[in-house]
Amino acid sequence: MTTEHGSTFSNPEIPEMRADAEAVHLDFRPVYDTYFPFVWRAVANRGVPDAAMDDVVQEVFLVVHRKLGEFQGRSTLRTWLSGVVRRVVADHVRKRGNQATGQEALEDHPLESLEDPGAEVERRAAVQLVSVLLEKMSEAHREVFVLYELEQLTTREIAELTRTNENTVQTRLKAARRTFQRGLERHRASNARRET
Amino acid sequence: MMDLDPEARRILELTREARTPSARDKARVDRLLGAALALGSATSHAASGGAATKVVGTAAAIKWAGIALLAIGGAGYVGWKASHRTPPPSPVVAVAPAVVPPEAPAPIGQGTAIAAPMEPGEEPSALRAGAAPRSSHGKAAEGTLPEELDLLHDAQSKWRAGNAAAALSLLSEHRKRFPRSQLASERDALTVLSLCATNRTAEARRLARRFLQTAQRSPLRTSVEESCGGR
């Protein structure tokens with residue numbers, strides 16, 4: 001993707017972009033095409049159930065369409081998009097009630113319809129386990145962990161998004177990882193006890 | 001910084017994979033978004049006196065809205081459909097509109113003499129083939145535009161939320177209150193989609209046929225053509 005002034009995105013999957021504040025002009029369609037997977041995952045990672053995914057992702061891009069002209073390149077586009085996702089999902093949860101767990105819709109897709117049921121079972125188990133482990137974290141830690149480990153933002157981007165400094169992000173990430181790792185170890189131990 | 005063990009990494013990787021959208025996921029959102037940009041966000045944008053409306057000015061607001069509201073956001077939406085080749089639609093009702101190039105918008109009064117949409121249960125024969133063209137509407141309609149847009153936007157929101165019956169009710173109200181609306185073709189396209197969603201296929205077909213005959217250059221033609229009414 002090339003901006004009006006020649007800035008380019010080299011990685012179409014998750015580009016790192018930081019343009020001069022005066023030199024940003026982005027067309028909606030290429031932004032949509034490039035960042036669709038990123039936005040989809042970001043919405044899913046916030047616990048929006050499968051049944052609501054299309055609507056919420058669409059809403060995110062409607063906001064992006066409306067606001068893209070205001071993007072000035074002071075943050076990366078990923079950070080900016082993450083901010084939009086945050087607000088839209090919060091709005092969705094507020095309107096619909098906090099029913100979003102990301103769990104209930106797992107039953108919506110019968111395994112028989114999948115090309116590789118074994119791999120899908122493994123992915124579903126992983127999603128469920130991650131959801132359980134994330135519940136052990138404080139909200140602040142969970143947010144940093146999800147942004148870093150699942151959405152793969154940098155600590156700097158997370159600091160911008162959460163309006164904290166990078167040191168705070170690193171501290172929270174470290175604590176969140178510890179919680180995640182310990183939770184996983186307890187899960188393993190529990191499974192081992194069941195098997196014996 | 002403390003790192004995670006390989007199993008933890010593997011679990012996170014699987015979670016990322018599970019939450020990666022498929023081509024079908026994107027195709028569904030493509031179509032929803034295309035429809036919403038034509039019918040939804042544009043109407044609310046205009047109704048709220050958004051930037052695009054200000055740019056074209058009050059006198060041109062009706063024209064701006066009437067040409068399927070596709071020029072909003074400047075170049076952002078232009079060429080959306082033209083360069084957007086999505087896979088065949090998944091079995092959802094939502095459909096994307098075609099986009100007319102900005103240099104060739106559907107002129108007001110041309111091909112827009114579509115009759116008002118039906119009441120639920122109303123016979124399509126009530127539709128008037130010779131409805132007045134938009135160009136004859138004058139300034140009176142201009143004053144009601146925000147109200148019209150609000151109502152149409154509410155109807156579109158109901159349709160998007162899966163409540164097509166409520167959408168039809170609002171569209172019927174729109175038809176009664178604004179029988180000579182500048183947005184009649186947008187209203188009719190949404191009526192076709194809502195009729196399809198409520199399995200009123202015969203009525204949808206009749207209205208769609210009329211729409212496709214008269215709204216020759218409407219950017220909503222594709223939506224109607226791909227609906228149950230256009231098949």
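Every residue, every condition in (1) open to solvent by 10 Å² or more (accessible area, probe 1.4 Å); (2) not small (Gly, Ala, Ser), yes or no:
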position: B:152; (1), (2): no, yes
position: B:157; (1), (2): yes, no
position: B:160; (1), (2): yes, yes
position: B:168; (1), (2): no, yes
position: B:190; (1), (2): no, yes
| field | Filter result (buried (at least 24 other Cβ atoms within 10 Å of the Cβ) and either among the aromatic types (Phe, Trp, Tyr) or under 12 Å from residue B:25 (Cα atoms) (or both)) within the range A:59-76 | value | A:61
| field | Condition check for residue A:179: at the interface with chain B (Cβ under 10 Å from one of its Cβ atoms), assigned to a helix (DSSP H, G or I) and among the β-branched types (Val, Ile, Thr) | value | no
| field | Residue count, the range A:48-58 (criterion: touching a Gly at 6+ places or on another chain (Cβ under 9 Å) and buried (at least 24 other Cβ atoms within 10 Å of the Cβ)) | value | 1
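Quick check on the range A:152-173. Is at least one of its residues assigned to a loop (DSSP other than H, G, I, E, B), at the interface with chain B (Cβ under 10 Å from one of its Cβ atoms) and modelled with pLDDT under 95?
yes
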| For residues in the range A:141-151 being more than 15 Å from residue B:11 (Cβ to Cβ) and open to solvent by less than 40 Å² (accessible area, probe 1.4 Å), which is nearest to the other protein chains (Cβ to nearest Cβ)? | A:151
| note | Only one of A:115, A:122, A:149 is more than 24 Å from residue A:187 (Cα to Cα) and either in a helix (DSSP H, G or I) or modelled with pLDDT under 90 (or both), namely A:115
| Considering only the range A:153-195, how many residues are surrounded by fewer than 17 Cβ atoms within 10 Å (Cβ to Cβ) and of a type outside the set (S, T, N, Q)? | 15
| said: Checking residue A:84 against (1) open to solvent by 10 Å² or more (accessible area, probe 1.4 Å); (2) in contact with a helix residue (DSSP H, G or I) (Cβ under 6 Å, 6 or more places away or on another chain); (3) under 25 Å from residue B:35 (Cβ atoms), only one condition comes out false. Which one? | reply: (1)
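The values are calculated or read from the model by the stated rules, or taken from the named source; none is laboratory data. Everything numeric here is computed off the predicted structure, so don't read it as measured data. So basically every Cβ, Gly included, is an ideal-geometry build from the backbone, and we count neighbours across all protein chains shown. Note: accessible area is taken over every heavy atom of the protein model, side chains too, but ligands, DNA and RNA are not part of it. Shrake-Rupley method; radii C 1.70, N 1.55, O 1.52, S 1.80 Å.
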